[in-house]
Amino acid sequence: MAFVSAVTGDDSTKKFMEVLQNDFKNLSLETKKKYPQIREACDEAIEKLSLASNNPQASLYGVVNQILYPLVQGCESKDLKIIKFCLGTIQRLIAQQGIDAKGARHVVDCLYNLGQAGVLELKLLQTAALLMTTSDLVHGDTLARTMVMCMKMVSTTETRDISTSHAAAATVRQLVALVFERALAEADGNLKVNPADVRLQSNNKAPKDLKPCAVDAYLILQDIIQLINGDAAHWLVGISDVPKTFGLELLDTVLTDFSPVFFKISEFRFLLKEHVCALIIKLFSPNVKYRAALTALHIPGAAGANGGGTPERPHFPVTMRLLRLVSVILHKYHSLLVTECEIFLSLTIKFLDPDKPLWQRALALEVLHKMTIQPKLLKSFCDCYDMKPHATNIFQDIVNALGAYVQSLFASPGAAAPPGTSAIPQQSGFYCKGVWLPLCVTFERGTAKAVYIEMLDRTEAPTIQDGYGISVAYACLMEIIRSIAITVEGSEYFRLQEMYEDLHDGDEKELNSNKTNTDTATTEQSLTSNGHSVEADQNSNVVQAASDDSDKETELRLQLLKSSWCGLVWGLSVLADASIGELENILRAIQTLARVSGKVGVSAGRDACVGALCRSALPAQYAAGALGACPWRREPAAPEPDCRHHVVWVGTPLPSAAPASGQQQSFVMVTSRHVTAMKALLCAAQRDGDVIQQAWFPVLTTLQHLVWILGLKPSTGGSMKASRASADANAVMSTSAVMADLPALSAMLSRVFESSKDLDDVALHHLIDALCKLSNEAMELAYSNREPSLFAVAKLLETGLANMHRIEVMWRPITNHLLEVCQHPHIRMREWGVEAITYLVQAAFQYHHNNPVHVTDARSRLLLEPLAELCSVRHADVRARQLECAARLLHSRGDQLGAAWPLMMQVISAISEHHSEQLIRSAFQCAQVVAGDLLGCAGPRCLRRVLNTAAAFALQTKELNISLTAVGLMWNISDYLYHNRDKLVAALAGDAAACPEAPQHDELPPLDRLWMCLYIRLSELCTEPRAPVRRAASQTLFSCIGAHGALLGKPAWRALLAVLFPMLEQVQKQSNIASCEKVDTGEHILIHHTRNTAQKQWAETQVLTLSGVSRVFHSRFQLLTTVGDFNRSWAILLGYITDFALQKSHEVSVAALKSFQEVVSAAGRAGGLPRRVWDAAWAAWTDIAAALPDRHREPPVTEDGKPGEEYAPSQSFLTTLVQIFPLIFQHIRPTFTAADVERLGACLAHVCRIEPSASASALDGSAGLAVSLHALHCLDTVHKEALVRHELLGAMFVALTSLAGAGAGAGARCLSAAVALYRAAPQPSAPVLPHLLQALHSAVKKCGQEKRRRPSEQVDEASQIAALLLQVLETGLPLAREKPDDYKEFWETLPGVLETFLFEPPTGMGAGAGALVACVRGAALAGRVPGAALGRLLALVRAAALHHAPPDRTQTDQELKEREEFARTCFETLLQFSMVENVDSISGDDNDSDPLAIMTLLDRFQEIIMKYAEDEHDTEPLPRHQLSEISFVLKAIATLAESMKKAPPGKVDAAAWRKLIDAYGGLARLAASGRARGAGGALRAALLHYAALLAPP
């Protein structure tokens, strides 16, 4: 280092040379006496050193060889002190690299000679080691001599102690290592040796192409092989034998530390392949052939001695070192020595045979353990052997051998049992069949810590610790699984392991155990937050997975699993069965194997691992029945009690269709081991769900059995809960510990299915399929009425809830099966089936997607389809839960249903007759929510379904109130359509869907189609069998049309009419066939008598519907005239009105007429209508009037022959009918003919002749005017037209008189109208004047003949008729006098008419009669009256004057007064006629001396006066009727006296005067008597007239 190229001028060199000078000086002093030649050489060396130090340019190497000479001489002196001093100086020179190649040879020769002499061997070894380590000057023969010197010291002799031997061995190892280091550096180009420094070798058998350092290494290795093999060395001359163990250790060092040399230099590979391997195989021979004593085969801790002392007995030190070499070769040279490694592996596997010594088996296990931690090595084994078609499946043999080894440890019945077998061992270990093997050593994952193979100092086989073999074998199996997992998963394995630890410790982390696919193009370089680094430590042997896996790599992984899974599962299953304290780790390893098997695609291995886990979780006997026989168990498990684990639960077995023998027992014991296995199974299912695939079924079957045994019951959301009641009911015995663990187990079970959210789609389908299969088995069991397990159904629910983010993947498989469950006859199965579906649907709608793109219409429909399909299930409980779910959805997520609204409406509207009232009520509550608050959310295209739903509820017959409320919902919908019409029009703009309700009107706009749907549904309800529903529907229908009809276009109105008219027809049809029997409504419901039959109820419907249609025409008449064929619509409407008006129902007929009146008035307001419209109305009116029943018609006869009740229309009906005509007439006035007038009169007369029904009149409570008055009003409207068009007068008079003759109540008014008409047009009416007089005559006679009327009424009406006659005479008499010829019939008729009016009650001798007399008097005195007529008139007056009716006590004062006035008028008339000159000619009777009967009157007056004045002393007042009579006589006398005084002198007969004067006496007596005090005025007036008679005229 310091002096390789240094010059003497350097300070450090100077100092070193000074040190050397001092050493040589000391040596010179020491040898000057005994060894002068050495002294001289020392002095010379000192001189050389002095000169070199003074010359700065001088090199140390120039004097090295000269200064070495005294030192070599000193070593040859045999003086130990001098030798020791010289060796020290030589070491100082070597340490400072002050020796060149030549000097090195001298030093080696010196050392070799000293070694031959056996002097200072430790010092020699130190010097040789220092020379080799500080420089590379020793090569060839020099190196060989050095090696020979050292190797000779390895063997112990009498003079050489063990420490020297050990030091020599260490030096040899060091030197060998240095040689190979140089060879490796030389091969790498880092070292170049000067050929001049290499001494020619006479025995060099190395290949010529090798470099110097490689030659040295080659020759050393060659001689080592020779020596181990027992042959003499070729290059190391003088070495013929070394300890075999030492040679093997040297070979171990070379192979272990310098493997690159063998890979870089082919000659070394040849040595390794041809010589080293052959040597190892040769040395293995004793071990293979040896068989241990049979008595010690399975006794833990037994020595390895054989029983026969064969010479082939293996030697432990050699065998141990051979296996170390095998291990090195397998680890480092497998790729070079494929065939040889196959042999070595096969030999190592044979060491595990049961007939081998325990130490040999232990050594083999340690070798295998070292291999199993090398994933790449195992992968290479599989690639080189198992994947080759004709090679031995070495990797499979290794795994199977380990499994067989484990199995063999428990095969001997004579094996030792642990102390206290009856108790459960506290130490971790394995116990089976009475064999107890403790777990005496544990290893960290990925590390192998050998024990026996490292015992290099042992010369005899050690005693193997109890349980060591199974401990290492257990570690081997675990490491094989770990290595396979690393090979398959790469760095992902470590992440999964950390996450598994977190899961095991209770940390609630989300598992994505299978999200990374190691077969993808790239492998993640960074891990998640668990912090595991990809960089492996020096003991972990981590193998990075390649970034790009080829097909070959995939095949290799597949073969790894195929070769190993069977043996691994076999061995680990045996260990799991026997395990105490290690079960969790074993099961974890099985989980890992199952995971990687699934990832690679080895389904058989995966299924076997899963099966092992499942069987571990169940008692052996029970598992055989539940899961089938174990494939690796040759005999059934012993039913002996297991004392290794505490029994924590004793429960009942799960019922099955065909219970196996293991399930015949009435209870099942669960130990802590089973609970641990269950947890492991749950962890495996949670972590590795992606790869379980078809193996889900045994997993779920096992979990189902455990859940049943532990008494866990499904709860909300699908989780399994442990309630105290269910646990007590299911448990025969339980411990508090397991009761406390049940919630944790339940949570773990739930996490299994919650973690399904991380499964890929295929794995999820496998899970769902397994659950469905399990559920099918439970359903089959439930058919036999046995209690089924609800585990599968509950977990289907839980799986669905966990995978809401991918509804499209899992929804249909889950819900389709649940729908099948819902149809199961077992109520518990159904309950949970529908619970699962409804819970899933609600959760799906509540799930919030982070990406709104996923929330599509198709998804919404998909979510609600299962709920809608429940409609086909006939079980009431299913339907009830379905509706509960629908209600919750509507209340919480009604605004999110979207495209699923049609399905929701299907759910709500799916009602049928077999549904209960409660179900229908529940469904209707949903419909109320929709129609009340969610119409906007339902969307325009769903409104038709909403309408149909409401109509369906209105049609149901279970609950009347629901039907009525449903009709109200339709009103709400109509309001919504109205208020949101603009939005709906825009939303439905592109909707070209047909209108199924109105197929003939597909051209309607979308919104109009919705309206038509509403109207059609309501119209259908108007013909519903129940009257309240019909009533509500009718009111709603026409209210909607009235409120919102303005929105409809003309096509929609045409369609609406096409709905309304058939509705009327159907109503009429149903009404005609309705029963007249009383409706039975039960004991607690009272119905009014007007609604107590179906016919009466239908009558109400007729009223509502026809009135509604009429209101439609009334309110939209102007619009309807432009819609379609209006004339046809008008005719149809009038036809229905006519039919309804003629119904034998007062309510219907009156309503029909009101409708008629309404539409006619609307038509009148519309104006501009064609004549046909009004002609049709006039025809309808006449049809109704003419078809009314006659009062004289015979009553109908019932079926039993009894006379039935005769129908008569009500007064309201008749009144309304008559009132309609004026509305029609004003539009047909111009075309109204005389025939029409006659027809009108006939109809009115017919109507007025009808006697209204007393009950109906009371019913409708009409207090209006009489029908005849309204009829008279009708004629009055024609009256005006007749005054303009005289051709109508004749028919008009006929009509009026006919009406007068028909209607008693208004006959006078009719005659008054006729009289008014006559007076308005007297001359045109002359021909009908006699007819008018006859009508008046008939009326007054009829008035007097009516017995039912009060006299006062008769008098009043008669007075009115008399006044009318007076008006006619006042108008007609002047015209008749002027044209007597034209009024000939009048004059002939008049006397007879007057006779009735003057004498017959009730007009006779009344005020009216007096007025008539006065009128006739005026006309007669005016002259030009036909004589015959005048004579008849005077005769009547005379008769009236002479007529005396005795006063009636019942007459009133007014009547008496009127009689007196009538008599006075007649008397005055006679007197006036008496003054007429030709009175005789008037009388027409020549024999009558007193044509006017004046004398007769005076005699009558005197007679009456004398009668009342006879008794002067009687002062009693006269009665009222007598007083009236005397008053009349007195007034007549006064009048007569006045008239006679005014008459010309020649006109009054003297006899008349005498009669008058004679009456004075009577008057005086009457006044004196005082009885006529009441007639004092009349008496006084009469007496005053006598004053003029006191003097003669």
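The values are calculated or read from the model by the stated rules, or taken from the named source; none is laboratory data. None of these values were measured; they are calculated from a predicted model. Every residue, glycine as well, gets a Cβ built from its backbone with ideal geometry; the counts of neighbours run over all protein chains shown. Just so you know, the surface numbers come from the protein's heavy atoms only, side chains and all, with ligands and any DNA or RNA stripped out. Shrake-Rupley method; radii C 1.70, N 1.55, O 1.52, S 1.80 Å.
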Notebook entry, point to check: Residues in the stretch 287-304: is at least one at pLDDT 85 or above, in a helix (DSSP H, G or I) and open to solvent by 10 Å² or more (accessible area, probe 1.4 Å)?
Noted result: no
Next item on the list: Inspect all residues belonging to the stretch 1246-1257 and state whether any of them is open to solvent by less than 50 Å² (accessible area, probe 1.4 Å), β-branched (Val, Ile, Thr), at pLDDT 80 or above and farther than 20 Å from GLN1334 by Cβ.
Entry: yes
Margin query: Please determine whether any residue of the stretch 1078-1092 is open to solvent by less than 10 Å² (accessible area, probe 1.4 Å) and at pLDDT below 90.
Written below: no
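With the structure loaded, tell me whether SER756 is at pLDDT below 90 and in a helix (DSSP H, G or I) or whether it fails that test.
yes
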Check: In the stretch 239-270, what count of residues is obtained for those that are farther than 22 Å from MET320 by Cα, in a helix (DSSP H, G or I) and touching a helix residue (DSSP H, G or I) at 6+ places or on another chain (Cβ under 7 Å)?
Finding: 7
Check: Do you know which residues across the stretch 775-789 are crowded, with 23+ Cβ neighbours inside 10 Å and modelled with pLDDT of 90 or more?
Finding: SER775
Check: Pick from the stretch 851-887 the residues that are in a helix (DSSP H, G or I), among the aliphatic types (A, V, I, L, M) and open to solvent by 40 Å² or more (accessible area, probe 1.4 Å): which of them is nearest to VAL907 (Cα to Cα)?
Finding: ALA876
Margin query: Going residue by residue through the stretch 454-464, is there one that turns out to be surrounded by fewer than 22 Cβ atoms within 10 Å (Cβ to Cβ) and in contact with a strand residue (DSSP E or B) (Cβ under 8 Å, 6 or more places away or on another chain)?
Written below: no
Next item on the list: Please determine, by comparing only the residues of the stretch 1099-1141 that are in contact with a Cys (Cβ under 8 Å, 6 or more places away or on another chain) and among the β-branched types (Val, Ile, Thr), which one is surrounded by the fewest Cβ atoms within 10 Å (Cβ to Cβ).
Entry: THR1101
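Just a yes or no: is a residue in the stretch 1315-1329 crowded, with 20+ Cβ neighbours inside 10 Å and assigned to a loop (DSSP other than H, G, I, E, B)?
Yes, the stretch 1315-1329 contains at least one residue that is crowded, with 20+ Cβ neighbours inside 10 Å and assigned to a loop (DSSP other than H, G, I, E, B).
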Margin query: Of all residues being in a helix (DSSP H, G or I) and at pLDDT below 70 in the stretch 182-216, which is least open to solvent (accessible area, probe 1.4 Å)? Just the residue, please.
Written below: ASP197
Next item on the list: Find the residue count for the stretch 786-829, including only residues that are more than 18 Å from the chain's Cα centre (by Cα), part of a helix (DSSP H, G or I) and more than 21 Å from THR701 (Cα to Cα).
Entry: 1
Next item on the list: Filter the stretch 161-186 down to residues that are in contact with a helix residue (DSSP H, G or I) (Cβ under 7 Å, 6 or more places away or on another chain) and either basic (Lys, Arg) or without any contact (Cβ under 8 Å) to a residue 40 or more places away in the chain (or both) and give me whichever is nearest to THR253 (Cα to Cα).
Entry: ARG173
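So which residues in the stretch 66-109 are at positive phi and touching a residue at least 60 places away in the same chain (Cβ under 8 Å)?
Result: GLN97, single match.
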Next item on the list: Quick one: count up the residues across the stretch 127-139 that are under 20 Å from ALA168 (Cβ atoms) and either of a type in the set (Gly, Ala, Ser) or touching a residue at least 40 places away in the same chain (Cβ under 8 Å) (or both).
Entry: 6
Check: Hey, among HIS848, HIS914, which residue is over 30 Å from ASP1008 (Cα atoms), without any contact (Cβ under 8 Å) to a residue 24 or more places away in the chain, outside any helix (DSSP H, G or I) and not polar (S, T, N, Q)?
Finding: HIS848
Margin query: Give me the residue from the stretch 14-30 that is open to solvent by 30 Å² or more (accessible area, probe 1.4 Å) and charged (D, E, K, R) and, out of that set, nearest to ASP43 (Cα to Cα).
Written below: LYS25
Next item on the list: Would you point out the residue of the stretch 227-261, among those that are within 29 Å of GLY189 (Cα to Cα) and aromatic (Phe, Trp, Tyr), that is nearest to the chain's Cα centre (by Cα)?
Entry: PHE258
